[in-house]
Amino acid sequence: LATWAPYQLRTLFFEGNYPRVLATLALPPIVLLTHRLSDRSRPKMPRVFLLAFSWAWAILAHPQQALIFAIGFMIYIILRLLIDPDIPLNWGAWWLGSVIAGALLVAVWILPAYSRGEIPQVPYLPPEKVTLFSASIGAILPVADINDGQILFGFGVIIMALLAATARPDKSRSAWVFAGVIAIWLSLGPKGVLFNLLPLSSQLLPERFL
């Protein structure tokens, strides 16, 4: 859903932003391996290595989008550990280790640009863009009239998530829904207050949390 949503297709075909779409393609293996990492009956190291490579792929494609993904997953993992006593506590540590390992794998390419030693003004983001790209309440509400070029899908995603969580109650689904609500809150940007507490918030575009 995240990979082929109208917003992503617009990003790909109209804006020509291939890196962000490539980063989003890393989401399915990240989700799958994150879940399998919580399974105590299987060896962890192969899954940790595969997850690290998946994170390396996302970070190399689009570091800002990868950081937004990592924040979302971290919220999910914390919520899952709080509501599900059957999940081993070291699950979060293994997951975080895979993210760090993935970042280290691509550090030799990413760090020179981020230190501005390779490309001037990378990854500088003008402060006004953060506010400009803050989502509005209208982005998540149903609408009867949509302006040309404006694609609102937040409400549909929320309804689908609630249906999935209530049709067959499950602690994993509940954690996803709660994490999604927090992500929507973060997408409101500085006016939502919580966004200001994020690491490197001045370099993140809030609407991408949707």
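The values are calculated or read from the model by the stated rules, or taken from the named source; none is laboratory data. As the structure is a prediction and not an experimental result, all values here were calculated from the model. Note that we place each Cβ from the backbone using ideal geometry, even for glycine, and neighbour counts take in every protein chain shown. Accessible surface areas use protein heavy atoms only, side chains included; no ligands, DNA or RNA. Shrake-Rupley method; radii C 1.70, N 1.55, O 1.52, S 1.80 Å.
Taken over segment 1-75, the alpha-carbon convex hull comes to 81 cubic angstrom per residue. Of 74, 160, the order by accessible heavy-atom surface (1.4 Å probe, DNA, RNA and ligands excluded), from most exposed downward, is 160, 74. Remark: the chain projects, on average over all directions, an area of 12.8 nm² (convex hull of Cα atoms). Electrostatic bookkeeping for residue 50 treats Lys and Arg as +1 and Asp and Glu as -1; over the other residues with beta carbon under 14 Å from its beta carbon, the sum is +3. Gain on full extension, evaluated as 0.36 nm per residue between residue 200 and residue 163 minus their Cα-Cα distance, stands at 9.9 nm. Rounded to the nearest 10 square angstrom, residue 166 shows an accessible area of 100 square angstrom against a 1.4 Å probe. Note: relative contact order over the chain, using C-alpha pairs below 8 Å and six or more positions apart, is 20 percent.
Between the listed residues 113, 125, 58, the Cα displaced farthest toward the positive end of the dipole of the chain, a dipole computed from Cβ unit charges relative to the Cα centre, is found at 58. Sorted on the mean count of surrounding Cβ atoms within 10 Å across their residues, most packed first, peptides 48-60, 102-114 read 48-60, 102-114. If only the Cβ of Lys and Arg carry +1 and only the Cβ of Asp and Glu carry -1, the dipole of the chain around its Cα centre is close to 560 debye. Our coupling estimate for segment 80-94, obtained by passing each phi through the Karplus curve with A = 6.51, B = -1.76, C = 1.60 and θ = phi - 60°, is 5, 5, 6, 9, 10, x, 7, 7, x, 5, 6, 4, x, 5, 4 Hz, Gly and Pro reported as x. Computed from phi, the 3J(HN,Hα) profile of segment 193-205 under the Karplus parametrisation 6.51, -1.76, 1.60 (θ = phi - 60°) reads 6, 4, 4, 5, 8, 6, x, 6, 4, 6, 10, 10, 8 Hz, with x in place of Gly and Pro. Projecting the Cα atoms of 88, 198, 23 onto the charge dipole of the chain, computed from C-beta unit charges around the Cα centre, puts 88 farthest toward the positive end.
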